[in-house]
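Here's the structure we're looking at; comments come further down.
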Amino acid sequence: MSKTYSLSDFDFDLPPERIAQVPLPDRSASRLLHLDGDRITDRQFSDIVDQLQAGDTLVMNNTRVLKARFFGQKDTGGQVEVLVERVLDPRTVLAQVRASKSPKPGSRIRLADAFEVGVGERAGEFFTLHFDGDVFELIEAHGRLPLPPYIEHDADDFDEQRYQTVYSSAPGAVAAPTAGLHFDQALLDKVAAKGVRIAYVTLHVGAGTFQPVRVENLAEHKMHSEWYTIPQETVDAVRAAQAAGRDVVAVGTTSLRALESASQSGALAAGSGDTNLFITPGYLFKTVTRLITNFHLPKSTLMMLVSAFAGYDEIRAAYAHAIASEYRFFSYGDAMLLTTHSRATRN
């Protein structure tokens, strides 16, 4: 009988100094903890080329982070902070709005002392905001890059470059798919030269990725929803790897969630949609056989996901090793290479 896990099973003590506050100057200079079954190997991220084989398919999330954070004023004069959660259409967004009193539908908010938006109806915890011009242009011109809440400095010019993957092309996220931050173009070229096929999905990471799980019973947790799309070209690349008996390697939990969401009928299918797929131990992975990912927050849905992927006890041991070995944690930190149970110790 399989174990039933609770929220407290995914807690661990992390010394604050292990949280990376700034990125390394060189993207591929990060460390890589390689977990294969119960075997832990310390590597450098640039070693990833040696861990991939010709015929493998590497799947990356090409979302681009919006400058989604704004400070402004309500028409009553009160201060507000706005974080765009999702672009609905070229003039409408869903956003978190923090203020001493919530703005009323029909009111106006001036953002960045540059332009005004109209407040529409509430949508759960979010507000609908209506722009008078192109959403993407106004966000890029006047917004601020929203760094994760555990990073203790405001985004600067270096962050604006380093908190984006080198292959980001589809604007829409409010947080970076951070496993991809370790790849520079030179490393991608080496991967491709080895005969590894590189394919892309898009999943626009929402601010909900940082929301804590607040219920001890995981069955009661409501997963945030995010939009994704899987191109047919990516489906073809995945099928080619599967037919050859090679690995489908997801770069980041967002790529994995997109692939697994599009595989719920059994086989991976091209298309777009919303996903609130919540992966916990016991989940049967349908498409992804290896995962490149950063280290995740205690009690987070992503800790549950990697525990489902590589094994609960194995992840506990790997995280203990990483803390003792002074790995850097979270968005600007080091990376892990994980293998599913079914493929562990293959190489």
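The values are calculated or read from the model by the stated rules, or taken from the named source; none is laboratory data. Model, not experiment: these values are computed from the prediction. Glycine also receives a Cβ, built like all others from the backbone with ideal geometry; neighbour counts cover every protein chain displayed.
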Test: residue in segment 330-343 that is at pLDDT 95 or above, within 19 Å of PRO177 (Cα to Cα) and in a helix (DSSP H, G or I): no
Residue check, GLU226 of a type outside the set (A, V, I, L, M, F, W, C) and touching a Ser or Thr at 6+ places or on another chain (Cβ under 7 Å): yes
Residue, nearest to PRO148 (Cα to Cα), within segment 79-126, restricted to residues that are among the hydrophobic types (A, V, I, L, M, F, W, C) and in contact (Cβ under 8 Å) with a residue 60 or more places away in the chain: LEU83
ASP334, sole failed condition from (1) within 19 Å of the chain's Cα centre (by Cα); (2) free of Cβ contacts under 8 Å to residues at least 24 places away in the same chain: (2)
Single residue of ALA95, ALA141, ALA155 found to be small (Gly, Ala, Ser), at negative phi and part of a strand (DSSP E or B): ALA95
Selection count where residues are surrounded by 13 or more Cβ atoms within 10 Å (Cβ to Cβ) and more than 25 Å from GLN211 (Cβ to Cβ), scope segment 79-106: 1
Unmet requirement for THR41, which otherwise passes all of (1) in contact with a helix residue (DSSP H, G or I) (Cβ under 7 Å, 6 or more places away or on another chain); (2) β-branched (Val, Ile, Thr); (3) under 30 Å from ALA241 (Cα atoms): (1)
Output for segment 313-329, where each listed residue is part of a helix (DSSP H, G or I) and surrounded by 19 or more Cβ atoms within 10 Å (Cβ to Cβ): GLU314, ILE315, ALA318, TYR319, ALA322
Set GLU116, GLU216, GLU140, GLU152: member being farther than 29 Å from ALA99 by Cα and out of contact with any Cys (no Cβ under 9 Å at 6 or more places or on another chain): GLU216
Enumerated strands (runs of 3 or more DSSP E) restricted to segment 21-85, each holding at least 2 residues that are basic (Lys, Arg): 39-44, 69-74
